Amino acid sequence: MSTLTLPLDDNTTNDPKHRAPLIAGDQSLETLTDVVSGIVEQPVVPRSWYVAFAVSSALAAMFFALIGYLIFTGVGVWGNNSPVFWAWDIVNFVFWVGIGHAGTLISAILLLFRQKWRTSINRFAEAMTIFAVICAGVYPGVHIGRVWFAYWLAPYPNHMTLWPNFRSPLLWDVFAVSTYFTVSLVFWYLGMIPDLATLRDRTQSPLRRALYGLFSVGWRGSARQWHRVERGSLILASLATGLVLSVHSVVSFDFAVSQVPGWHTTIFPPYFVAGAIFSGFAMVVTLMVPARAYFGLKDLITVRHLDNMNKIILATSCMVGYAYGVEVFIAWYSGVHYERFAFLNRAFGPYAPYYWTMVTCNVIVPHLFWFRKWRTTPALMVIVAVLVNVGMWMERFVIIGISLTRGHLPSSWRMYAPTWVDIGMFIGSFGLFMTLFLLFCRFLPMVAMAEVKTVLVHEESHAAQH
Amino acid sequence: MTETTKNSTTPESPGTLAGIVARFETPETLITASRAVRDAGFRRWDAHSPMPVHGLDEAMGIRLTILPFIVLVAGLTGGAVGLLMQWYTNAVDYPQIISGKPLFSLPANIPVVFELVVLFSALTTFAGALLLSGLPQWFHGLFANRAFHRVTSDAFFISIDARDAKFHENEVRRLLESQGAVSIDSYYDPIKERQIPTLIYWAVAILVVLAPIPVLLIAWAREVPSSRPRLTLFMDMDVQPKYKAQNESPLFVDNREERPQVPGSVPRGRLDNDTKFVYGKEGDNWVRTFPESVPVNLETMQRGRERFTIYCAPCHGQSGDGDGLVSARASQRMEANWVPPVQLYATAVRFQPVGQLFGTISNGVRKMPAYGSQIPPADRWAIVLYLQALQRSQSGTVDDLPEEVRKKIAAH
């Protein structure tokens, strides 16, 4: 079908005479449907899936058990104590919200820029967004202490005749994260309706047909339906673009609007957004490399896709490194004693290993992606991506934890150490994430079939012209 | 809900003809065929494809959807709601000054306004895209056509609705055939009885009936008074393991909250081993001199006068005549049980030992109540000292006066 003579697994060269194909192998509309639907339809689920699901759902159960322990005992089971009232709970919240950003960037900004390579990975990345935001949302929810009063965050008329304070960044955060979750979910679902209809039309099981039928709302692939859903997707993409930039900006306001040395800086919003996209893409790569091998999606999610994502990781790594530099410079340039101390304390204080791990993983290691071999070899890129995630977690701790241990008042300085509950909940949140992710792989179309088909048809017609 | 399940094969006795559906091989033939169908003047028809086909909208003559304008209105509504909500709640209904910030200022209110614009717009986009497409529509005649199921995989179709004014089965078939349709089928209205199993109808009906019950129970519990204490799932701060006045406490075996003194213990400042000072007695006898710890000087006497005015004068009168306001009022009302207070300079009182005076103040006498619990011992002694001055003043002679005053009197 394709007139190109590139090796099957290498579509990463940039020959100006030919556009490298985004879909490898001899794929037709039918085989593409078969490959993607086949993952969901396989009659015998491999044992490895059950093993992975058992492990991750056990960890998720531990997560909820620890939340129960926390609620019935009190937040004292965490290591948080004066002056470090925000510790691993908020670190993990910011970490998980950040992870989500890659999905929205891929589905929104890359759609507006008409980057066709996004079609193969956007479903996957958006799912990751939603699951990451679920993990993130749990933390501030249980962090407030009396969880059963969480509804006090909402502005509703009540017998106390009180209203929430809308001038507080914490309330902005409530609105930002809940809007982010809702919009991501709606965007994901709207794009998935045609693919759910595919599963509905293929399945033999009455139960599955009923459920896929219910959720595909009677999709018939009519031109009028396509027209409106495409328009709707474009509008949602424009809205979500604003969200990508706003959510982590608002999260950064939680810190920047306060007066803690090391938090009170104007660079935070762009710095947090770049860091979020950086960590999000690293997580997509970490999960996608094993998933595409395991589920046989190498023709759809090609090395070129991974290569593109690694380039984004490299670019955002440079932005994050620049932000680190600017932070240190401004601390010195401001002439403020406390600011200077905060940054010296990060780099040379008792938590220095965290700082230097962060710098190594986020600023130095990603530069391996200047080498083509690292960008295109799955095993190597996973190493970098995992290290980036480690580094980004460290960054959140460096910003949140270390700044609080030593504030303006030396008499109130105190070191922070997590308890076993902190650590257990962090591991458990990965369990929740992986559980949702495995369920997604098992029951929903992992690749946006209809969108990849448009790319396929486009490439076919181009190939025919040559 | 499961219509597609039931009618996966064309039924033996099809219902009403709903339309004609034709399959095409490629997107290109679909477009040319669509153009032909539109030119033939059909209005109720559609083209179906596994993915959006570039150029199909134009060929079919589909106008741009009004969705963006609906979303614009929704977005503006979201922004207005956000702005008004923040203004009303924080600047009007519950104004509260925080960190000296203005009650209402755009910079602080922009984030929430922005989020609500996005939220309203996104939900409207989602609902609008589906509703404008005629979805959700779980039952459609096309689903009964087995071949049509490939539309979500790799096949392209045109369906022409039988309700179209120009619909004539044979003409439609001829038209589609001439456009290169690979196969042409009729499709039929879904059979009504089969759409939703009666079981589901009943289940939904029962749920609708039962749904208000929890709400009603909550409302009933809120409105009807009850003598039982309310259920408390989370204790919050209502129940705390601490002492509260006039209550029993489970913290001690005897359930008493006021703890008795430990035998042999003495509260601070209550050690009364100096019986002369505390009781005014030595053995069984009233003491005749002031205890050593009470300094006999002007300062103590003035303290005594102050205390006397507070505690004693209301009955005994400022000069000890027994004409205080309480006593005067009782006499005026001729209270039968009233025993008028003695004159404090009366001989019977005047020659009492100081210990006895102290004892009377402490323990009371006749109608006079005991003041021991109200006046600390040192102050009682001070009152006794002042009392002596008072008694002396009432029984003085001219000789007690200073020399100059006596001369003045003599001059008269």
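The values are calculated or read from the model by the stated rules, or taken from the named source; none is laboratory data. The structure displayed is predicted, hence computed values, not measured ones. Note: ideal-geometry Cβ built from the backbone for every residue, glycine included; neighbour counts use all protein chains shown. Just the protein is used for accessible areas: all its heavy atoms, side chains included, with ligands, DNA and RNA removed. Shrake-Rupley method; radii C 1.70, N 1.55, O 1.52, S 1.80 Å.
Exactly one condition in (1) open to solvent by less than 30 Å² (accessible area, probe 1.4 Å); (2) assigned to a loop (DSSP other than H, G, I, E, B) is not met by B:Gly100; state its number.
The one condition B:Gly100 does not meet is (1).
For the subset of region B:36-51 comprising residues that are more than 22 Å from B:Thr152 (Cα to Cα) and charged (D, E, K, R), which member is farthest from the other protein chains (Cβ to nearest Cβ)?
My answer is B:Asp39.
May I ask you to list the residues in region B:129-162 that are assigned to a helix (DSSP H, G or I), facing chain A (nearest Cβ under 7 Å) and among the small types (Gly, Ala, Ser)?
From region B:129-162, those assigned to a helix (DSSP H, G or I) are B:129-132, B:141-144, B:146-152; that's our starting set.
Now restrict to residues that are facing chain A (nearest Cβ under 7 Å): B:129-130, B:132, B:142, B:149, B:151-152.
Result: B:Ala129, single match.
Would you check which residues across region B:389-412 are open to solvent by 80 Å² or more (accessible area, probe 1.4 Å) and either in contact (Cβ under 8 Å) with a residue 24 or more places away in the chain or farther than 30 Å from B:Gln352 by Cβ (or both) and list them?
Scanning region B:389-412 gives B:Gln394, B:Glu403, B:Glu404, B:Arg406, B:Lys407, B:Lys408, B:Ile409, B:Ala410, B:Ala411, B:His412.
Just one of A:Tyr151, A:Tyr139, A:Tyr156 is hydroxyl-bearing (Ser, Thr, Tyr), assigned to a loop (DSSP other than H, G, I, E, B) and more than 9 Å from chain B (Cβ to nearest Cβ); which is it? Steps first, please.
Numbers: A:Tyr151 fails: assigned to a loop (DSSP other than H, G, I, E, B); A:Tyr139 fails: assigned to a loop (DSSP other than H, G, I, E, B).
Criteria check complete, one pass: A:Tyr156.
When A:Arg202 is evaluated against the numbered criteria (1) without any contact (Cβ under 8 Å) to a residue 12 or more places away in the chain; (2) of a type outside the set (Val, Ile, Thr); (3) at the interface with chain B (Cβ under 9 Å from one of its Cβ atoms), which criterion, by number, is the only one it fails?
If we test A:Arg202 against (1) without any contact (Cβ under 8 Å) to a residue 12 or more places away in the chain; (2) of a type outside the set (Val, Ile, Thr); (3) at the interface with chain B (Cβ under 9 Å from one of its Cβ atoms), just (1) comes out false.
For (1) more than 18 Å from A:Arg231 (Cβ to Cβ); (2) open to solvent by 60 Å² or more (accessible area, probe 1.4 Å); (3) not assigned by TED's automatic domain parsing to the domain that holds B:Leu17, each residue gets a yes or a no:
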residue	(1), (2), (3)
B:Ala80	yes, no, no
B:Asn90	yes, no, no
B:Tyr94	yes, yes, no
B:Ser121	no, no, no
B:Trp138	yes, yes, no
B:Phe143	yes, no, no
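Hey, can you tell me all the residues within region A:372-418 that are of a type in the set (Phe, Trp, Tyr) and within 20 Å of the chain's Cα centre (by Cα)? Talk me through it step by step, then tell me what you get.
First pass over region A:372-418, keeping only residues of a type in the set (Phe, Trp, Tyr): A:374, A:393, A:397, A:413, A:416.
Matches in region A:372-418: A:Trp393, A:Phe397.
Only one of (1) within 7 Å of another protein chain (Cβ to nearest Cβ); (2) surrounded by 20 or more Cβ atoms within 10 Å (Cβ to Cβ); (3) assigned to a helix (DSSP H, G or I) fails for B:Pro68. Which number is that?
Unmet condition: (2).
Looking at (1) in contact (Cβ under 8 Å) with a residue 60 or more places away in the chain; (2) within 7 Å of another protein chain (Cβ to nearest Cβ); (3) assigned to a helix (DSSP H, G or I); (4) out of contact with any strand residue (DSSP E or B) (no Cβ under 6 Å at 6 or more places or on another chain), which one does B:Leu175 not meet, given that it meets all the others?
The single condition B:Leu175 does not satisfy is (2).
Among A:Arg220, A:Arg208, A:Arg224, which is the only one that is open to solvent by 20 Å² or more (accessible area, probe 1.4 Å), assigned to a helix (DSSP H, G or I) and facing another protein chain (nearest Cβ under 9 Å)? Please lay out each step first, then the result.
Working: A:Arg220 fails: assigned to a helix (DSSP H, G or I); A:Arg208 fails: facing another protein chain (nearest Cβ under 9 Å).
Within the list A:Arg220, A:Arg208, A:Arg224, the selection yields A:Arg224.
Can you find a residue that is more than 14 Å from every other protein chain (Cβ to nearest Cβ) and among the charged types (D, E, K, R) anywhere in region A:410-417? Before the answer, list the steps.
Within region A:410-417, the subset more than 14 Å from every other protein chain (Cβ to nearest Cβ) is A:410-417.
Then keep just the ones that are among the charged types (D, E, K, R); that gives A:414.
So far as region A:410-417 goes, yes, one or more of its residues are more than 14 Å from every other protein chain (Cβ to nearest Cβ) and among the charged types (D, E, K, R).
For the condition under 15 Å from A:Phe437 (Cβ atoms) and in a helix (DSSP H, G or I), what is the one hit in A:Ala125, A:Ala65, A:Ala108?
Numbers: A:Ala65 fails: under 15 Å from A:Phe437 (Cβ atoms); A:Ala108 fails: under 15 Å from A:Phe437 (Cβ atoms).
None of the other options fit; the residue is A:Ala125.
Here is a list of conditions, (1) among the hydroxyl-bearing types (Ser, Thr, Tyr); (2) at the interface with chain A (Cβ under 9 Å from one of its Cβ atoms); (3) surrounded by fewer than 20 Cβ atoms within 10 Å (Cβ to Cβ), and B:Ser186 meets all of them except one; can you say which number that is?
Of the numbered conditions (1) among the hydroxyl-bearing types (Ser, Thr, Tyr); (2) at the interface with chain A (Cβ under 9 Å from one of its Cβ atoms); (3) surrounded by fewer than 20 Cβ atoms within 10 Å (Cβ to Cβ), the odd one out for B:Ser186 is (2).
I'm trying to understand the selection: among the residues of region B:79-97, which are under 12 Å from A:Pro155 (Cβ atoms) and not in a helix (DSSP H, G or I)?
B:Tyr94
With the requirement that a residue be under 17 Å from B:Ala127 (Cα atoms) and not aromatic (Phe, Trp, Tyr), what does region A:192-219 give you?
In the first step, residues of region A:192-219 are kept if they are under 17 Å from B:Ala127 (Cα atoms); the result is A:192-194, A:214-219.
The answer is A:Met192, A:Ile193, A:Pro194, A:Leu214, A:Ser216, A:Val217, A:Gly218.
Conditions (1) facing another protein chain (nearest Cβ under 7 Å); (2) part of a helix (DSSP H, G or I); (3) closer than 30 Å to B:Arg43 by Cβ, marked per residue:
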site: A:Leu196; (1), (2), (3): no, yes, yes
site: A:Tyr212; (1), (2), (3): no, yes, no
site: A:Arg231; (1), (2), (3): yes, yes, yes
site: A:Leu245; (1), (2), (3): no, yes, no
site: A:Asp254; (1), (2), (3): no, yes, no
site: A:Val260; (1), (2), (3): no, no, no
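If we keep just the residues of region A:159-181 that are assigned to a helix (DSSP H, G or I) and of a type in the set (A, V, I, L, M), which is nearest to the other protein chains (Cβ to nearest Cβ)?
Filtering region A:159-181 for residues assigned to a helix (DSSP H, G or I) gives A:169-181.
Next, from what is left, pick out any that are of a type in the set (A, V, I, L, M): A:170-171, A:174, A:176-177.
Working: A:Leu170: 11, A:Leu171: 7, A:Val174: 9, A:Ala176: 6, A:Val177: 9 Å.
Ranking the candidates gives A:Ala176 first.
What is the number of the single condition among (1) under 29 Å from A:Ser222 (Cβ atoms); (2) touching a residue at least 40 places away in the same chain (Cβ under 8 Å) that B:Leu135 does not meet?
Checking B:Leu135 against (1) under 29 Å from A:Ser222 (Cβ atoms); (2) touching a residue at least 40 places away in the same chain (Cβ under 8 Å), the one that fails is (2).
Out of A:Leu297, A:Leu306, report the one residue that is farther than 22 Å from A:Val250 by Cα and either open to solvent by 10 Å² or more (accessible area, probe 1.4 Å) or outside any helix (DSSP H, G or I) (or both). Before the answer, list the steps.
Details: A:Leu306 fails: either open to solvent by 10 Å² or more (accessible area, probe 1.4 Å) or outside any helix (DSSP H, G or I) (or both).
Among A:Leu297, A:Leu306, only A:Leu297 is farther than 22 Å from A:Val250 by Cα and either open to solvent by 10 Å² or more (accessible area, probe 1.4 Å) or outside any helix (DSSP H, G or I) (or both).
(1) crowded, with 17+ Cβ neighbours inside 10 Å; (2) closer than 26 Å to A:Asp201 by Cα; (3) of a type in the set (A, V, I, L, M, F, W, C): which one isn't true of B:Leu199, the others all being true?
For B:Leu199, the exception is condition (1).
Could you give me the residue pairs with C-beta distances under 7 Å whose first residue belongs to region B:91-105 and is within 8 Å of chain A (Cβ to nearest Cβ), whose second residue is open to solvent by less than 70 Å² (accessible area, probe 1.4 Å) and charged (D, E, K, R) wherever it lies, and which are 6+ apart or on separate chains?
Here the result reads B:Ile98/A:Arg167; B:Lys101/A:Arg167, each pair linking region B:91-105 to a residue that is open to solvent by less than 70 Å² (accessible area, probe 1.4 Å) and charged (D, E, K, R).
B:Arg307 - would you say it is of a type outside the set (S, T, N, Q) and open to solvent by 90 Å² or more (accessible area, probe 1.4 Å)? Explain how you work it out, then say what you get.
Numbers: of a type outside the set (S, T, N, Q): yes; open to solvent by 90 Å² or more (accessible area, probe 1.4 Å): no.
No; evaluated as a whole, the condition is false for this residue.
What's the number of the only condition in (1) assigned to a helix (DSSP H, G or I); (2) open to solvent by less than 20 Å² (accessible area, probe 1.4 Å); (3) touching a Ser or Thr at 6+ places or on another chain (Cβ under 6 Å) that A:Val97 fails to meet?
Exception for A:Val97: condition (3).
Mind checking which pairs have a first residue in region B:229-257 that is under 16 Å from A:Phe72 (Cα atoms) and open to solvent by 100 Å² or more (accessible area, probe 1.4 Å) and a second that is of a type outside the set (Val, Ile, Thr) and part of a loop (DSSP other than H, G, I, E, B), Cβ under 7 Å, 6 or more apart or different chains?
none
Take the conditions assigned to a loop (DSSP other than H, G, I, E, B) and either open to solvent by 70 Å² or more (accessible area, probe 1.4 Å) or not charged (D, E, K, R) (or both) and apply them to A:Ala379. Does it pass? First the steps, then the outcome.
Values: assigned to a loop (DSSP other than H, G, I, E, B): no; either open to solvent by 70 Å² or more (accessible area, probe 1.4 Å) or not charged (D, E, K, R) (or both): yes.
Taking the combined requirement at face value, the residue does not satisfy it.
Would you confirm whether any residue within region B:39-55 is charged (D, E, K, R), under 26 Å from A:Ala448 (Cα atoms), assigned by TED's automatic domain parsing to the domain that holds B:Glu169 and open to solvent by 10 Å² or more (accessible area, probe 1.4 Å)?
Going residue by residue through region B:39-55, those that are charged (D, E, K, R) are B:39, B:43-44, B:46.
Remaining after also requiring under 26 Å from A:Ala448 (Cα atoms): B:46.
Within this subset, residues satisfying the condition of being assigned by TED's automatic domain parsing to the domain that holds B:Glu169 are B:46.
So of that shortlist, the ones also open to solvent by 10 Å² or more (accessible area, probe 1.4 Å) come out as B:46.
So far as region B:39-55 goes, yes, one or more of its residues are charged (D, E, K, R), under 26 Å from A:Ala448 (Cα atoms), assigned by TED's automatic domain parsing to the domain that holds B:Glu169 and open to solvent by 10 Å² or more (accessible area, probe 1.4 Å).
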